Structure formats: C-alpha cells, structure tokens
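Reviewing the structure listed below.
The values are calculated or read from the model by the stated rules, or taken from the named source; none is laboratory data. Keep in mind that this is a model prediction, so the values were computed, not measured. Note that we place each Cβ from the backbone using ideal geometry, even for glycine, and neighbour counts take in every protein chain shown.
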Amino acid sequence: MMVGEVYIAASSAGPVKIGFSANVEQRLKTLASVTKTRMTVLARTPATRRTEFYLHQVFVETRLHGEWFSPSQRLLDTAKAISEKGMDALPEMAHPDPGAALGDVRKSDEFTERARSSLIVIAGPRVHGERIADLFARVAAHTGLTRRKVKSIWYREAVSVSAAEFIAIQEAHDAVVMMMMHQAQRGLLPDATARLYAAQKPSCQTELASGA
C-alpha cells in the first residue's frame, strides 16, 4: 500500500477534488494547469489510498465524475475537521492498515501491466508522421519518468515499477483523461478519440478495486 497524502481541494469553478498523491503541491499545480482553474487546499493529511477510498465512498452520492464531488456542506465540514485534527477526524476504518506492507516496489505482473495500460492512454493516438520515440517523449514529459523507463514498461521489459513511478503514471493518466474529456465536451476531439477517453476510469478506482 502506497503512502502519501490524502487531500481535499476546491476548484475555483466549484467542484471539490478528493485525491491522493505523494506530491500534493505538484499534483495541484498540474490540475490547475489542466483545468484552467485555481485550486485551494481545504485539507491534507498523511495517509494511504485506503483513506481516499473511504472518503470516496462516504461522498459517493455527490460525486460528479472521477474524483470530483459537489461542494456539499457535509464535505466542507469534513475537510475542516481533517484540517484541524488530521486522521483523528476519521473513523478507524479509514486509517492506514498498520499491518499492510509498505514496499517501495510493485513487482507483480499485474501492476506493471496496469502501468503500461496507463502509459498508452497518456501517449494518446499516434498522429501522422509520429514515431514511437515521439510517444515515449510525450509520456516522459507527462510523468517525469525517463524515456528509457517508459520504453521498458511499454515493451514489457521492466521487471518492477516503483511506488513513486506508479503514482506518477496514475496521476498523469488522470490529468490527461480529464484534459481530453474537457476537450471532448467542447467538441474539439474526433468522435472516436472522445469515446476512447470517455471510457477511461480514474486510476484510483482501479487501484482500490483490487484491494491495493
């Protein structure tokens, strides 16, 4: 189980995001750039995806899409409580499992394959004249990974994916999907491409459904 911070942040456009990241500042900077809005942190606390999952379930009825929720008073009150008390504001079931393995590396085929699937989404459709190396460069720019690492995951040559790499890939995946969904809503994408991104699920939901 990966360790980082769970955060609740409000967009200047209205919706509130409940997310998880190993680098909240960079994550919010990326979100602000992609959504063209100002992000304000309402609460953040050291946690794991278990805590994020709990909060997503608690506020599922106000979910707008992905990790974005309507700014209900209950959600705002919860954010205030977390800001003041940290994890003590949440019930035991939301706390990280003390017996969970906190390994730094995801060695299973399942995680490397999921990382690869996310890289393909981040790369997007190959446009006329592009080389595969151009896709690797695009993915590297989005994720912060080296082109060599991107290539090794893409071709299933990587024997492991570190927790930090996995988080970076999943966060880049979500940011790209969100950006493309905004473009699709504005009619700026071909229908086939719009359908491709509309079918994507937030990576955190895939992660948690597996019990990670």
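The residues on offer are Gly86, Gly66, and the sole one that is surrounded by fewer than 19 Cβ atoms within 10 Å (Cβ to Cβ), touching a residue at least 40 places away in the same chain (Cβ under 8 Å) and at positive phi is Gly86. Within region 48-63, the set of residues being of a type outside the set (A, V, I, L, M) and surrounded by fewer than 17 Cβ atoms within 10 Å (Cβ to Cβ) comprises Gln57, Glu61, Thr62, Arg63. Of the residues Ser72, Ser11, Ser33, only one is out of contact with any strand residue (DSSP E or B) (no Cβ under 8 Å at 6 or more places or on another chain), surrounded by fewer than 21 Cβ atoms within 10 Å (Cβ to Cβ) and within 20 Å of Glu171 (Cα to Cα); which? Step by step, each of Ser72, Ser11, Ser33 is checked, and only Ser33 is out of contact with any strand residue (DSSP E or B) (no Cβ under 8 Å at 6 or more places or on another chain), surrounded by fewer than 21 Cβ atoms within 10 Å (Cβ to Cβ) and within 20 Å of Glu171 (Cα to Cα).
Is there a residue in region 39-47 that is at pLDDT below 85 and surrounded by fewer than 17 Cβ atoms within 10 Å (Cβ to Cβ)? Scanning region 39-47 turns up no residue that is at pLDDT below 85 and surrounded by fewer than 17 Cβ atoms within 10 Å (Cβ to Cβ).
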